[in-house]
Amino acid sequence: EADIYQTPRYLVIGTGKKITLECSQTMGHDKMYWYQQDPGMELHLIHYSYGVNSTEKGDLSSESTVSRIRTEHFPLTLESARPSHTSQYLCASSEYQLGNEKLFFGSGTQLSVL
Amino acid sequence: SQELEQSPQSLIVQEGKNLTINCTSSKTLYGLYWYKQKYGEGLIFLMMLQKGGEEKSHEKITAKLDEKKQQSSLHITASQPSHAGIYLCGAVTGANSKLTFGKGITLSVRP
């Protein structure tokens, strides 16, 4: 069982609110990722990090931001939520090993912006 | 165009039947990963294939990699209701590329 946790599990919020999705892992993994997934669609990488103070944007443009102040914590923030941000957000982590992309996923946060 | 094509899009089988699903890449594969997802939840790692011709098995699930065809197949023997879910393939298609995913195949197993 993967030791990676996401909170909240579900979030319904009004347009314009600031939100932070939490992601924590206890495996000591250096690499962490945020994916966005809509029903029936592929996962899209929106942010990743190779370690503390390292953050990069992924393949899909996103208005969200991330931070990596501690190894185990990789929160995602939306400054002003919009209905277009409604989606499932999945956090993942992996060991920093060349050629190894075995990811451990959290259970996801289902975000609905009204 | 999509980098990873999974087929079929969905599948319904009777319990006890064998089945095969496929994942085809439009680019050279550096690694192929299979994950399973229950609806609305995170992904669970199943298997990783990195060499052409490689075949791995776990319980009743076997995955193979055909490097020349840039394709992987996942075979389930004697399917059970516990096998139901969404099967996603992920691939690394460049030396410094990140993992990209297909849309997934929804498998239903009728008791």
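Quick rundown of the values:
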| quantity | calculated |
| --- | --- |
| Dipole in debye (nearest 20) - chain B, about Cα centre, beta carbon charges: Lys, Arg +1; Asp, Glu -1 | 40 |
| Among B:CYS89, A:SER62, A:PRO75 - extreme Cα towards positive end, dipole of the protein assembly as shown, charges at beta-carbon | B:CYS89 |
| Modelled FRET efficiency - R0 25 Å, B:ILE12 with B:ILE44, Cβ distances, 0.05 increments | 0.70 |
| Cα gyration tensor category, rounded, prolate or oblate, for chain B with a/c compared to 1.5 | prolate |
| Peptide-level mean, for B:43-56, of C-beta atoms on other protein chains within 10 Å | 2 |
| Share of carbon and sulfur in the accessible heavy-atom surface of chain B [1.4 Å probe, %] | 47 |
| Förster-model FRET efficiency, 45 Å R0, B:ARG110 and A:VAL52, C-beta, rounded to 0.05 | 0.40 |
| Cα→Cβ-extended label distance, 7 Å offset, between B:THR20 and A:THR26, nm | 4.3 |
| FRET efficiency for A:SER61 and A:THR15, using Cβ-Cβ distance with R0 set to 25 Å, rounded to 0.05 | 0.80 |
| Positive minus negative residues near A:GLY108 (Lys, Arg vs Asp, Glu; Cβ under 13 Å) | -1 |
| Label-point separation in nm, A:THR86 to A:ASP38, each point 7 Å along Cα→Cβ | 1.1 |
| About the Cα centre, charge dipole magnitude for chain A (Lys/Arg +1, Asp/Glu -1 at Cβ), debye | 360 |
| Non-local Lys pairs in chain A, i.e. 8 or more apart or on different chains, that have alpha carbons under 23 Å apart | 5 |
| Protection proxy ranking of A:39-48, A:67-76, B:54-63 - average other beta-carbon atoms within 10 Å, highest first | A:39-48, A:67-76, B:54-63 |
| Summed buried accessible surface, chains A and B, 1.4 Å probe, nearest 100 Å² | 1700 |
| Semi-axes of the equivalent ellipsoid for the range A:1-99, Cα gyration tensor, largest first, Å | 22, 14, 13 |
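The values are calculated or read from the model by the stated rules, or taken from the named source; none is laboratory data. As the structure is a computational prediction, the values presented were derived from the model and not from experiment. Here Cβ is always computed from backbone atoms with ideal geometry, including for glycine, and neighbour counts include all displayed protein chains. SASA here: full protein model, heavy atoms, side chains in, ligands and nucleic acids out. Shrake-Rupley method; radii C 1.70, N 1.55, O 1.52, S 1.80 Å.
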